[in-house]
Amino acid sequence: QVQLVESGGGLVQPGGSLRLSCAATGTIFSLRSMGWYRQAPGKQREWVADITSGGTTNYVDSLKGRFTISRDNAKNTVYLQMNSLKPEDTAVYYCRADEGMPSRRVWGQGTLVTVSS
């Protein structure tokens, strides 16, 4: 089964930027859409963005313009570029992939992003 390894989280000042990475490893067959989610302390996990294998992107409206999702199919990696970060962006960010036929959901362990006040 494919494994997702996330990296790039950390502490950043308001207005700063971070780039999250999520690499799919192991035996991979038909890696399809991938996306990012986040869960703030005490809140429900929410969808952030996703991208198809062909590069079509979609974002939650509140983040459009600040966040950019992209992928490198040759490296089986999806990225999330986060700019103009705000304290309310503080959350654990999770990578998700849909793989195989029928589709199977694969989740990463999450990476913590902390934006100071």
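Structure notes:
- Computed from Cα atoms alone, the Kirkwood hydrodynamic radius reported for region 52-117 is 13.6 Å.
- Treating each Cα of region 50-90 as one equal point scatterer and applying the Debye formula with no solvent, the log10 of I(q)/I(0) at q = 0.24, 0.25, 0.26, 0.27 Å⁻¹ comes out as -0.84, -0.88, -0.92, -0.96.
- With each label modelled as a point 7 angstrom along the Cα→C-beta vector, the Ser84-Ala40 pair spans 1.7 nm.
- 3J(HN,Hα) couplings calculated from phi for region 66-81 with the Karplus curve 6.51 cos²θ - 1.76 cosθ + 1.60 (θ = phi - 60°) are, in sequence order, 9, 10, 9, 9, 8, 8, 10, 5, 5, 9, 6, 10, 10, 10, 9, 8 Hz; Gly and Pro show x.
- In this rough spin-label picture, where each label sits 7 Å from Cα along the Cβ direction, the Trp47-Lys64 distance is 1.4 nm.
- Full extension of the chain between Thr56 and Thr114 gives 18.0 nm of extra length, using 0.36 nm per residue less the Cα-Cα distance.
- Distances between placed amide hydrogens fall under 5 Å for Ser33 paired with Ser53, Asp98, all partners being 5 or more residues away or on another chain.
- For the chain, the dipole from Cβ point charges (+1 on Lys and Arg, -1 on Asp and Glu) about the Cα centre works out to 40 debye, to the nearest 20.
- Radius of gyration and maximum dimension Dmax of the chain, Cα, Å: 13.7, 45
- Contact order normalised by residue count of the chain, Cα under 8 Å, 6+ apart, percent: 36
Where a number appears in this text, it was derived from the coordinates with a stated rule and is not lab data. These figures come from a predicted structure and were not determined experimentally. No Cβ is skipped: glycine too gets one built from the backbone with ideal geometry, and neighbour counts run over all protein chains shown.
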